[in-house]
Amino acid sequence: MHCQKACDSVKMRFGDRPPQHGIGNLSEKRDTNADSKSMVMNSALYREFLAEREEILKHKWIESEKVGHDIGFERALLDWIVKHRSNWRRARRQTPS
């Protein structure tokens, strides 16, 4: 019974919609989030991150094949950074896009 009174009180104050506690227009927020996501996905920094990640995954596969089991991403990452990252970056800077 107490719950019903609380629900009726909310309906009287806000109608059938729930209160919008500072949320604003959600469709505007979704559009802003989509724009931000699009901007990040198209940024040079993000493209560079994806290219580097792809190289690390290739390295992980090659090294895992050599030892006969999955070496894991963290080990592949550290190994690739120590052995290959500087040369890979140098080669990418010299290659025209």
Here the residues within segment 49-72 that are small (Gly, Ala, Ser) and in a helix (DSSP H, G or I) are Ala51, Ser64
It is to be established whether one or more residues within segment 32-46 are modelled with pLDDT of 60 or more, part of a helix (DSSP H, G or I), touching a helix residue (DSSP H, G or I) at 6+ places or on another chain (Cβ under 8 Å) and under 30 Å from Ser86 (Cβ atoms).
yes
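The values are calculated or read from the model by the stated rules, or taken from the named source; none is laboratory data. Predicted model, so just to flag it, every value in this text is computed and none were measured. We place every Cβ from the backbone using ideal geometry, glycine too, and count neighbours over all the protein chains shown.
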